[in-house]
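Engineer: Pasting in a structure now, in structure tokens, and then I'll have a few things to ask.
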Amino acid sequence: MTRRLAQQFVVAAFVVALLLAPLASLAPTAATPNSGNFHWARQSSQFTLQVGSNLSGPWQSILNNVVSDWNKNETVTFRVVGGGTNPQECRPNIGRVEVCNWRYGTQEGWLGLTRLYFNAAGDHIESATVQMNDSFFDTASEYNDDAARRHTMCHEIGHTTGLDHVATDSCMNDSQFAVFNNLEPINKDFNQLERIYGHNDSSSTVAGGQKKEKNKKKSGKKNGKKSRRNQGRMTESVTVETTAEGRKVVTFITYAGQ
Ligand SMILES: [Zn+2]
Ligand SMILES: [Zn+2]
């Protein structure tokens, strides 16, 4: 879609966010998203992230498969737990990810949507929501397709860790081609996670016990380079908004092509 059209969709999605999200009032912030440095606070470079499943239909088994793909990394262990919200509203819960599916409608044109909610200081993610739009996946649409479902879940779950887009064979690629062909994370994603989480924070924004589940060799200190967006057709927009309380909310929106 054209950039202008995409911007209109962002405005539309923003209106929907006002209706659905528990955010008193949102105002877009001037700053461009500082993606590439989004991460949860934790006191160890390896951590467990709870993923609440508010899923129905084929999505529960897709989530399980996607989580086992991502869990091949050495940094974050996703653990699927019972859902903590209702799928239509998909509200955030502190310290964890909530994953939802619902027929959210086709007007805004999005397939999948991830929101990262930041702490008061604005420097760490403290909760996240992922929404799969069954208005595309569960209707007579080209996206009613196992590959598209698998890609989109993989992609959005990746965003919940703070990962940005890449121009590789990974599911974090946001091209229209990738939606049907890039279904899994790759080692480069895992290396990027190791870089993002290579430092230890003094506090934690992650819920649950944090027993060490992985054997890691060493962790780098420096941040990874900001990944390049794909040239060519974009399927995605990122917005940064601020709540009335001054909380930062970053939204990754995956649009259906066309
Ligand atoms: Zn940190
Ligand atoms: Zn994305």
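The values are calculated or read from the model by the stated rules, or taken from the named source; none is laboratory data. Computed from a prediction, not measured in an experiment: that's the story for all the values here. All Cβ positions, glycine included, derive from the backbone under ideal geometry; neighbour counts span all protein chains shown.
Engineer: Against the conditions (1) within 17 Å of Gln131 (Cα to Cα); (2) in contact with a Phe, Trp or Tyr (Cβ under 8 Å, 6 or more places away or on another chain), where does Val206 fall short? Just the number, please.
Structural biologist: With (1) within 17 Å of Gln131 (Cα to Cα); (2) in contact with a Phe, Trp or Tyr (Cβ under 8 Å, 6 or more places away or on another chain) applied to Val206, the lone miss is (1).
Engineer: Okay, next question. When segment 189-203 is examined, which residues are found to be farther than 21 Å from Ala147 by Cα and not hydrophobic (A, V, I, L, M, F, W, C)? So that I can check it myself, show each step before the final result.
Structural biologist: Going residue by residue through segment 189-203, those that are farther than 21 Å from Ala147 by Cα are 190-203.
The answer is Asn191, Gln192, Glu194, Arg195, Tyr197, Gly198, His199, Asn200, Asp201, Ser202, Ser203.
Engineer: Those residues that are of a type outside the set (A, V, I, L, M), within 16 Å of ligand 2 (Cβ to nearest atom) and either in a strand (DSSP E or B) or at pLDDT 85 or above (or both), I need them from segment 203-255; list them, please.
Structural biologist: Correct list: Glu236, Ser237, Thr239, Thr251, Phe252, Thr254, Tyr255.
Engineer: Something else: From the list Ala121, Ala128, Ala140, Ala147, which residue is part of a helix (DSSP H, G or I) and either within 16 Å of ligand 1 (Cβ to nearest atom) or among the aliphatic types (A, V, I, L, M) (or both)?
Structural biologist: Working: Ala121 fails: part of a helix (DSSP H, G or I); Ala128 fails: part of a helix (DSSP H, G or I); Ala140 fails: part of a helix (DSSP H, G or I).
Sole residue among the options that is part of a helix (DSSP H, G or I) and either within 16 Å of ligand 1 (Cβ to nearest atom) or among the aliphatic types (A, V, I, L, M) (or both): Ala147.
Engineer: Residue under question is Val166, and the condition is that it be more than 16 Å from ligand 1 (Cβ to nearest atom), within 26 Å of Thr239 (Cα to Cα) and buried (at least 18 other Cβ atoms within 10 Å of the Cβ); does it hold? Lay out the reasoning, then the answer.
Structural biologist: Values: more than 16 Å from ligand 1 (Cβ to nearest atom): yes; within 26 Å of Thr239 (Cα to Cα): yes; buried (at least 18 other Cβ atoms within 10 Å of the Cβ): yes.
Judged against the criteria, Val166 is a match.
Engineer: Working carefully through the options Asn93, Asn86, find the one that is modelled with pLDDT of 95 or more, surrounded by 15 or more Cβ atoms within 10 Å (Cβ to Cβ) and either part of a loop (DSSP other than H, G, I, E, B) or not aromatic (Phe, Trp, Tyr) (or both). First the steps, then the outcome.
Structural biologist: Values: Asn86 fails: surrounded by 15 or more Cβ atoms within 10 Å (Cβ to Cβ).
Being modelled with pLDDT of 95 or more, surrounded by 15 or more Cβ atoms within 10 Å (Cβ to Cβ) and either part of a loop (DSSP other than H, G, I, E, B) or not aromatic (Phe, Trp, Tyr) (or both) holds for just one of Asn93, Asn86, which is Asn93.
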